[in-house]
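Note sheet for the following structure.
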Amino acid sequence: MGEDRGVTDHNVVVHTVAIQFADGRIADARIKAATVYSGRGLSSTQARELAAALLEAADQLDGWTGGTGSTEPVTAPPISNEAAGR
């Protein structure tokens, strides 16, 4: 799982998840956004932070999957702890 990306003064959190098999294939690479709607809404600044967090997460997934944008299994080199944000 990738690092949590939050929004200032809000409980929305964005992170990336994927499954990597021993042979290097990556499957089910997705962006998870927990509590996107909390009833409070977002200010314009918070919305921009959320957009930036989503773009960063998308870039991370592209790095993991070779930029395919697919959730289907793709062959990729093993994800290092550094690349995974750990």
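Derivation of every value follows stated rules applied to the coordinates shown; laboratory data play no part. As the structure is a computational prediction, the values presented were derived from the model and not from experiment.
Before moving on, here are some points about what is shown:
- Karplus-derived 3J(HN,Hα) values for region 9-23, using 6.51 cos²θ - 1.76 cosθ + 1.60 with θ = phi - 60°, are 6, 8, 9, 6, 9, 10, 8, 9, 9, 6, 10, 10, 8, 4, 7 Hz; glycine and proline are entered as x.
- Centroid-to-centroid separation of region 49-68 and region 1-32 [C-alpha atoms, Å]: 9 Å
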